[in-house]
Amino acid sequence: MKNKPMWLFLCCCSVPFLLAYIAVSFNWLPDRVTNNGKFVEGEISIAGWQQEPGVLWTIALNAPIHCTRACTHQLNDLTNTYTALGKNKKRVSLAILGRETGDSKMLTYPSLTELEAGKLYLIDHRGLVVLAYDHSFDAQENRMNHKGMLKDLKKLLNYARSS
């Protein structure tokens, strides 16, 4: 009679492990993700990254000198995306990698060869490049990429607020 609770305890502990093992071995894990951007492969960090206090994320455009049409298109859309942040603007900054702009609210940093030209990147407050967003010359597709970036950014800002 005394061993019955012990067997019940062992069964309750081993059943979840057994189900997890079966789910992993039969590849039943979901293949969809909730983020809209693509995670950057490897650990790419920007040296000398400086942020104002309270700024948690930065939207950066990699715009080296040889990038012309795609980068100017992204730069124009970037200001609209930043405006769409609304109340979250004070916790997000804008940066241009590889090019000087006349805009005083955009930070400038040297371009990184590991990053593709014309893409938008989300960078955390330590200078780690986390997510990448493609550019398309199709206005509707590019708008959807920017909306996806806004969704991801709002999720990340909510996670930061809750921790």
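Obtain the nm distance between the two label points defined at V130 and N76 by a simple spin-label model: each point lies 7 Å from its Cα along the Cα-to-C-beta direction.
Result: 3.0 nm between the two label points.
From the P(r) of the chain, could you give the percentage of C-alpha pairs in the tail past 25 Å?
When every Cα pair of the chain is considered, 42 percent fall beyond 25 Å.
Between K4 and F26, take the C-beta separation as r, use R0 = 41 Å, and let me know the FRET efficiency to the nearest 0.05.
0.80
Going Cα to Cα from K38, which lysines come in below 25 Å? Please leave out same-chain ones fewer than 8 positions away.
The reachable lysines, counting only those whose Cα sits under 25 Å from K38, are K89, K90, K119, K147, K151, K154, K155.
In whole angstrom, and with the biggest value first, how far do the Cα coordinates of segment 1-50 range along each principal axis?
67, 28, 17
Accessible area of segment 1-138 with a 1.4 Å probe: how many percent of it is carbon plus sulfur?
Numbers: 5600 of 9280 Å².
Taking all protein chains in place, segment 1-138 shows 60 percent carbon and sulfur surface.
Would you tally the net charge around G148, using a Cβ to Cβ cut-off of less than 15 Å, leaving G148 out, and scoring K and R as +1, D and E as -1? Kindly include the intermediate steps, with their values, before the conclusion.
Values: positive: R32, K38, K119, R143, K147, K151, K154, K155; negative: D77, D134, D138, E141, D152.
Taking every other residue near G148 into account, the sum is +3.
Tabulate in residue order the Karplus-calculated ³J(HN,Hα) for segment 52-65, using 6.51 cos²θ - 1.76 cosθ + 1.60 with θ = phi - 60°, rounded to whole Hz; enter x for Gly and Pro.
Whole-Hz 3J(HN,Hα) from phi for segment 52-65: 6, x, x, 8, 9, 9, 10, 8, 10, 10, 7, 10, x, 4.
Express as a percent, rounded to the nearest 5, the fraction of DSSP beta bridges in the chain (both residues included) that run antiparallel.
Counting only bridges with both partners in the chain, antiparallel ones make up about 55 percent.
What is the angle, in °, between the Cα long axis of helix 3-25 and the longest principal axis of the Cα atoms in the chain? Nearest 10 is fine, range 0 to 90.
Between helix and principal axis, roughly 40 degrees.
Using only alpha carbons, build the gyration tensor for segment 118-163 and give me the equivalent ellipsoid semi-axes, biggest first, whole Å.
23, 13, 5
The values are calculated or read from the model by the stated rules, or taken from the named source; none is laboratory data. Everything quoted here is computed from the prediction, not taken from an experiment. Heads up, the Cβs are rebuilt from the backbone with ideal geometry, glycines too, and the neighbour counts pull from every protein chain shown. Each accessible area value is taken on the protein alone, full model and side chains, heavy atoms only, with ligands, DNA and RNA left out. Shrake-Rupley method; radii C 1.70, N 1.55, O 1.52, S 1.80 Å.
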